[in-house]
1. Suppose we filter the stretch B:197-228 for residues that are farther than 20 Å from B:Y149 by Cα and more than 28 Å from the chain's Cα centre (by Cα); how many remain?
2. Cβ-Cβ below 6 Å, separation at least six or inter-chain, first residue in the stretch A:445-464 and not assigned by TED's automatic domain parsing to the domain that holds A:T630, second of a type outside the set (V, I, T) and part of a strand (DSSP E or B): which pairs?
3. Among the residues of the stretch B:54-80, how many are within 14 Å of another protein chain (Cβ to nearest Cβ), assigned to a helix (DSSP H, G or I) and surrounded by 15 or more Cβ atoms within 10 Å (Cβ to Cβ)?
4. With B:K37, B:K42, B:K2 as the choices, which residue is more than 32 Å from the chain's Cα centre (by Cα), at pLDDT below 95 and of a type in the set (K, R)?
5. Which residue is farthest from A:T617 (Cα to Cα), if the candidates are limited to the stretch A:559-580 and must be in a strand (DSSP E or B) and more than 7 Å from chain B (Cβ to nearest Cβ)?
6. Count, please, the residues in the stretch B:174-198 that happen to be among the aliphatic types (A, V, I, L, M), within 22 Å of B:L266 (Cβ to Cβ) and either crowded, with 23+ Cβ neighbours inside 10 Å or in the same structural domain as B:Y244 (by TED's automatic domain parsing) (or both).
7. Does B:A201 satisfy being crowded, with 24+ Cβ neighbours inside 10 Å, touching a residue at least 60 places away in the same chain (Cβ under 8 Å) and part of a helix (DSSP H, G or I)?
8. If you scan the stretch A:382-435, which residues turn out to be surrounded by fewer than 23 Cβ atoms within 10 Å (Cβ to Cβ) and aromatic (F, W, Y)?
2 protein chains.
Amino acid sequence: MKQMRIILSILFLLTFAVSQAQHPIAFFNNADIVAVKSGINKYPLLTQSFNSVKAEVDAYLGKSVDVPFPKDPAGGYTHDRHKNNYMLMFNSGVLYNITGKVAYATLVKEMLLKYAVLNPTLKNHPQATSASPGHLFWQALNDANWMVYSGLAYDLIYNSLTPTERTTIEDGAFKPEVDFVTKDLKTWFDLLHNHAVWACAGVGIIGIATNNNDYVEMALKGSDKNGKSGFIAQMNHLFSPDGYYTEGPYYVRYAILPYILFANALNNTQPGLQIFKHRNNILQKALLTCLQQTNLDGTFFPLNDDIKDKNYTTNELVTAIDIAWKAYGPNEGLLTVAKKQNRVILHRGGADIAAAIATRKNIPNYFPYKTIESTDGINGDEGGVSVLRVGKNDDLTSMVFKYTAQGMGHGHFDKLNINLFDKGNEILQDYGSARFIGIEQKYGGRYLPENTSYASQTIAHNTLVVDEESHFKGDSKLGEAYHSEKLFSSINNPNIQYTLAAENNAYPGVAMKRGIYVIVLPNAKKIVVDLFNVNASATHQYDLPFQYKGQFISTNYKYTANTKKQETLGTKAGYQFLWKVASAQVKDTVAQFTFLNKQSYYTVSSLIKGDATILFTNTGANDPNFNIRTEPSMIIRKSGSNECFVNVVEIHGNYDPVNEFSSNSYSSVSAINLLENNQDYTAVAITIAGKKLQLIQSNKDFSTTATHQIKNNQINIKWVGPYTVLYDGKSF
Amino acid sequence: MKQMRIILSILFLLTFAVSQAQHPIAFFNNADIVAVKSGINKYPLLTQSFNSVKAEVDAYLGKSVDVPFPKDPAGGYTHDRHKNNYMLMFNSGVLYNITGKVAYATLVKEMLLKYAVLNPTLKNHPQATSASPGHLFWQALNDANWMVYSGLAYDLIYNSLTPTERTTIEDGAFKPEVDFVTKDLKTWFDLLHNHAVWACAGVGIIGIATNNNDYVEMALKGSDKNGKSGFIAQMNHLFSPDGYYTEGPYYVRYAILPYILFANALNNTQPGLQIFKHRNNILQKALLTCLQQTNLDGTFFPLNDDIKDKNYTTNELVTAIDIAWKAYGPNEGLLTVAKKQNRVILHRGGADIAAAIATRKNIPNYFPYKTIESTDGINGDEGGVSVLRVGKNDDLTSMVFKYTAQGMGHGHFDKLNINLFDKGNEILQDYGSARFIGIEQKYGGRYLPENTSYASQTIAHNTLVVDEESHFKGDSKLGEAYHSEKLFSSINNPNIQYTLAAENNAYPGVAMKRGIYVIVLPNAKKIVVDLFNVNASATHQYDLPFQYKGQFISTNYKYTANTKKQETLGTKAGYQFLWKVASAQVKDTVAQFTFLNKQSYYTVSSLIKGDATILFTNTGANDPNFNIRTEPSMIIRKSGSNECFVNVVEIHGNYDPVNEFSSNSYSSVSAINLLENNQDYTAVAITIAGKKLQLIQSNKDFSTTATHQIKNNQINIKWVGPYTVLYDGKSF
């Protein structure tokens, strides 16, 4: 018996010694720590980042930090306290390793011991409304956040703890959470979805921190360890081969954090996995793709649900960029973004970036934005999104053309949608999501009901609405079954960027095809030509909205404004949120509408064949809680079966209120003619600045070598390939 | 005969020689030129400014510049061409003196010779709609601008011209314009008004440039040379002794340019006048006062008509600051502004500023903003405006409290109006003017009809509207007869900035008195307390609007929103532009309304005694031309005779959408009690963050030594002086 105890003790001590050698390892290891330490004295950005983390943590040193019983929704006290707590523990753990000061470890330990008391007592959060309720928070996603950072924190102070303390924390603080997400929420844990990425990262990091291989296995291969779910499956399933994340850049920004933190931990513990190289560097692609999908000010393009203020200086991307720098090596674009982030994490990657910023001169002001086309879908065969760009630096023009799959629960009904950005400003906007994140008064900071009833509806976008109903009748499940398709694109001519895409399932019996041309004319004028074909056997009401941002300047047609009384434009599918501000009856004309955004004018010139109505609306109706921003739109409404909407969006002139100058406030477009439009071809001539711009596209044959000819009473032209664009008779 | 001719020739040569010695003199003289020249090689800002002017002018060198027959309104081709022309001539003249290159002089000469042909043929401009029509432009004001810069340009190339050329230009280009403004528009020329300042400066500068003392005399003393009008009278009459300009900062920005340019020319030619010292350095005071009346971003406070984008980087203020630097010596605040202007004029002052910027380190980021109270009226006895400030740098809070005279034709009906700025953002806004300057489609770039029908009406402001009628029935003439009055102010305690002002003429039989307190509580919280007393013998409808900027977050009372149909709030006095969005019936309560602006929350807590209605509105009704921006307001409506509106505007919390944090989104105000309100005193207690804030003001006796006491069932307090403010029973 006594011998047995001695043997057990020796075994235990051995284990302890091994463990001692193994930690910290999840966030960084001893070699990394040496590098960070030495950099703090050398590189201002690292010094500053260290001081700022230190100041934050020091405010709590020696104090008893509250670990309250969970009660409040997002934005409320207990929510924010627990959110603060896990970051505080993580930061304090990092500081312990850098400074060696025991007080930092003690702070973490005492908090973890409180969680060890609290967590076993928890049931579903009282404010839980989600299908995956949390324990510490209203939703399990936040519990997973807690697991990631608390796991890292534990690993960081592992060496300072006694075996008893370890057991208490592992059994009390972590096990209930791991069991909760892997058992109670097994189905959720095994989803291929960003929430589950967090859950796997949380369980995996806790596994590494607690030397629990069972946890690590579940994290990598799913709760059944069969590889059908779990982290590896998530790396294979959540991104397209190009690194596009189906929920959009706002969500990849969020999803990338657990990916990169867990990959970093795996790379430290199982280098043989070569996790960063997995699927041709998929994490690097995801990061660079999401950075390309930002506006000049660093805000993410609002594809699907998106908080429009969110930009690439967010904590998630600081972490991702710093770790990617270590994992994938230096990158010019990342350096630009890191400089704007103006902080680094206290990690080897952060230290190396701080060094690069300290020594490199002339770091470019803007991320190296370029035209980028991303496929959607695991195999890259479920449509995609094009960002067509012309111009550079602060004169960049970006056209976002979306022909993706649905994008899961956060997807909007926005097939063939376009968004235009110019000079860093939104010109044709996407509403984004209806949410005031973290503001308790606004539905507890969650997605507002108006996110579903308005923001995700088709009419809130810049794409065709048929019969006042959203794509797929606004049913995500139905939408998930389909995706749009790119038919052709050409992005090698910097003056003519062209993408043609089709959507045939959003409305039964209605085929939609949109060709978007972003053009720099030889006179340097920038225009977008939008050829939107819709074909149906029956007659429908077609609404093509332009969510313009700016001040209404003028139209070239008469309209009637509802000046004394306003009513809603419709009753459902988002129309109930629109006040009908004005309307015009137009016929066989080029209808022009000019608006002003900051210092530039924008004119939409619309070819109207036959009768059409043009509507001007403002959001605000049926919004008793003031949840929707007041935003205007111009809608072209046409009744018909086969229609071709030809619209030219022209960027022109300059308005300088400081120096009181205005130039070129009028459109240069004087005529638009549809020369041919059938199953095979669409051909358009636009008279602009007195010269003729001709655009001819093949609608069916996308061979680059095929020769085509159109010959009718308006045009006689031969060309090779899927399209041709001529200005004044010449290519450019 | 031959002798005679020789004598004439000698006389002519003598005159010529004298003239040679006298020019250039109006903009700068030879000594200044030497300083500018040497600085161009040394000081980057001067180099860059020189290069930029040179690039602009060089584009025209050797070309024939169009001097078209006037045809278009503001924003049209001929308008902009003539506007460009005078600046081009001036700049080319400056470059001629700096570089010695004859081509610059030739450019000016040829243009002036064209004007010498054109100007004698001109009658009133075809687009003239103003009472003072122009010849070259739609209004005479722009002709006066032309005179100022063309006059300077002529002086700058005087030495390069032959006597015949001089005669041609003086008689052809200048005399018709001078005769036009001094004879045809004699009444206008002799006004004491900013347009006439331009006219006098134009005539005076042409006088100096053409050695025509008659012109200079008319410019200085009016067309009758009796001193009742003209430049000196304008210096005496257009500013208050503090340098406040009755039309407001947006207009002083404009008016100061001819003042400073003509003063500069006079200082060079008649130093004995000591024009810059006139009226205790009134031009310097005007400049510094208008800079104090700007927001953190340099935009002018929108008092009266104001284009809100206009800021202190405008050309007028570059010129004014650079000349003031030479005239009045170095000034820390001017240096900050000059640095943000990022260009200087090619003048001795500009060169000296460029030198200071090149050598000085740590030029502060912000103008040295402080609390400033300016009187209005020539003698400083016609009310005024207080800018009460707390906080500093980017955390500055500025409360603009306006109790001025009418402000002439550009004045708004905004007696006792307040505007709140915080952290550089407009929180309680003034609409500014309804005008898209320079945009031809928008009423030729002129003030829109909505400037009168909406923007200048009382309901577009943050002050009391009685019976849905504007102050002085919206009649400027009537308004001109009166001014509000400051009763008392105390601005020495940085934590309690207080101004009390009264208006007794805006509505017959209605006396209004408003006390504005801008307070920093001992816990660092910033609040504004607004005690608005109104007294009348009859019963009236009182509307107190809050033109809030931001997103509606919540109210602590129930309201009814007009979700399906919207109608206008009223039919006149600006009310016809307001959609009635929602309304609430409230009674004997503290009604709280919270909104979010950028990253801060703002709550208006309103004491409601008895019954009141709270209205939420949006502009946009009766605006068929989309001339008005869509802006919200909250209006407290009360029926009564003697009422005291007690409102607390609280700045609180933080919203960080990037990092998804929200803190303190709820108001800390839990109670407001009106403890006493009569002719003598108003006493209020506000419970905020659990502690009592007491504000007691004398309404009649403003002696700083008088002792007062209020004793009733709610309060028993003794104090000395016109007011006392206590928090938790203590001064702070």
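The values are calculated or read from the model by the stated rules, or taken from the named source; none is laboratory data. This structure is a prediction, so every number in the text was calculated from the model and none was measured. Cβ placement follows ideal geometry from the backbone for every residue including glycine, while neighbour counts extend to all protein chains displayed.
1. Initially, the stretch B:197-228 is screened for residues farther than 20 Å from B:Y149 by Cα, giving B:221-228.
Applying the additional criterion that residues be more than 28 Å from the chain's Cα centre (by Cα) yields B:223-226.
Residues in the stretch B:197-228 being farther than 20 Å from B:Y149 by Cα and more than 28 Å from the chain's Cα centre (by Cα): 4 in total.
2. Once the first residue is not assigned by TED's automatic domain parsing to the domain that holds A:T630 and sits in the stretch A:445-464, no partner that is of a type outside the set (V, I, T) and part of a strand (DSSP E or B) comes close enough.
3. Within the stretch B:54-80, the first condition is being within 14 Å of another protein chain (Cβ to nearest Cβ), and the residues that meet it are B:56, B:72-80.
Remaining after also requiring assigned to a helix (DSSP H, G or I): B:56, B:77-80.
Those left that are additionally surrounded by 15 or more Cβ atoms within 10 Å (Cβ to Cβ): B:56, B:78-80.
Counting residues in the stretch B:54-80 that are within 14 Å of another protein chain (Cβ to nearest Cβ), assigned to a helix (DSSP H, G or I) and surrounded by 15 or more Cβ atoms within 10 Å (Cβ to Cβ) gives 4.
4. Values: B:K37 fails: at pLDDT below 95; B:K42 fails: at pLDDT below 95.
Being more than 32 Å from the chain's Cα centre (by Cα), at pLDDT below 95 and of a type in the set (K, R) holds for just one of B:K37, B:K42, B:K2, which is B:K2.
5. Going through the stretch A:559-580, the residues in a strand (DSSP E or B) turn out to be A:560-561, A:565-568, A:578-580.
With the extra rule that they be more than 7 Å from chain B (Cβ to nearest Cβ), the set shrinks to A:560, A:578, A:580.
Working: A:T560: 12, A:L578: 6, A:K580: 5 Å.
Here the residue is A:T560.
6. Within the stretch B:174-198, the subset among the aliphatic types (A, V, I, L, M) is B:178, B:181, B:185, B:191-192, B:196-197.
With the extra rule that they be within 22 Å of B:L266 (Cβ to Cβ), the set shrinks to B:178, B:181, B:191-192, B:196-197.
Going one step further and asking which of them are either crowded, with 23+ Cβ neighbours inside 10 Å or in the same structural domain as B:Y244 (by TED's automatic domain parsing) (or both), we end up with B:178, B:181, B:196-197.
So the count comes out to 4.
7. On the way: crowded, with 24+ Cβ neighbours inside 10 Å: yes; touching a residue at least 60 places away in the same chain (Cβ under 8 Å): yes; part of a helix (DSSP H, G or I): yes.
Criteria met by B:A201.
8. none
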